[in-house]
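These notes concern the structure reproduced below.
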Amino acid sequence: MDPMKRDEIKHQLTYSFDLFNKEFNQHHLSFWLESIGMFPTEKLKMAFKDHCQTSKFAPKVADILERLHSYPVLTQKDEEAADSIPCPRLIHDAWTWFIGTYTEGSTMGRMFSERKYTASQEEEFLLLVNKEAKKANIPDAIPGEYKLAEVWG
């Protein structure tokens, strides 16, 4: 495993445990790495974030694995496409979801990913596309019914 991914997993563990006022036992790191290290970093981050937002207890390997296995599986084509996107994967996924949702039922909507996301992921994506549109000064990119008052005022 590359050192950056190892450090990212260690960071996610330490941060997650800290949120629950627990100290992560470094002696367990190798077990965690062996158990979840094969998953893409973005999915790992999503699993830890989802766990911390919905659980009352510090994560266990089984908790994170359950979440990871509930997420859509990337096809080889998706993984190859991920290598060619010019922005962070999370932003790409958010815009792909948003455009697919906004244009649902149209020919354009069918061109976008048919992956399914959890309600919390969709809320995160909606907030992210609003923030990105505001940052890029393109308010017309977000139709009125999808504009969030917390972002646009």
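Extension gain for Arg89 to Ser70 (0.36 nm times residue separation, less C-alpha to C-alpha distance): 5.0 nm. Checking the Cα-Cα distances for Lys5/Lys45; Lys10/Lys49; Lys10/Lys60; Lys22/Lys56; Lys43/Lys135 against a 19 Å cut-off, the pairs over it are Lys43/Lys135. Each label was represented as a point 7 Å from its Cα along the Cα-to-Cβ direction; for Lys45 and Lys131 these points are 1.1 nm apart. Maximal additional length on extending the Thr118-Phe17 stretch stands at 34.1 nm, based on 0.36 nm per residue less the C-alpha distance.
Every number in this text was worked out from the coordinates using simple rules, so none of it is lab data. No experiment lies behind these values; they were computed from the predicted model shown. Don't worry about glycine lacking a Cβ; one is built from the backbone with ideal geometry, like all the others, and counts go over all protein chains shown.
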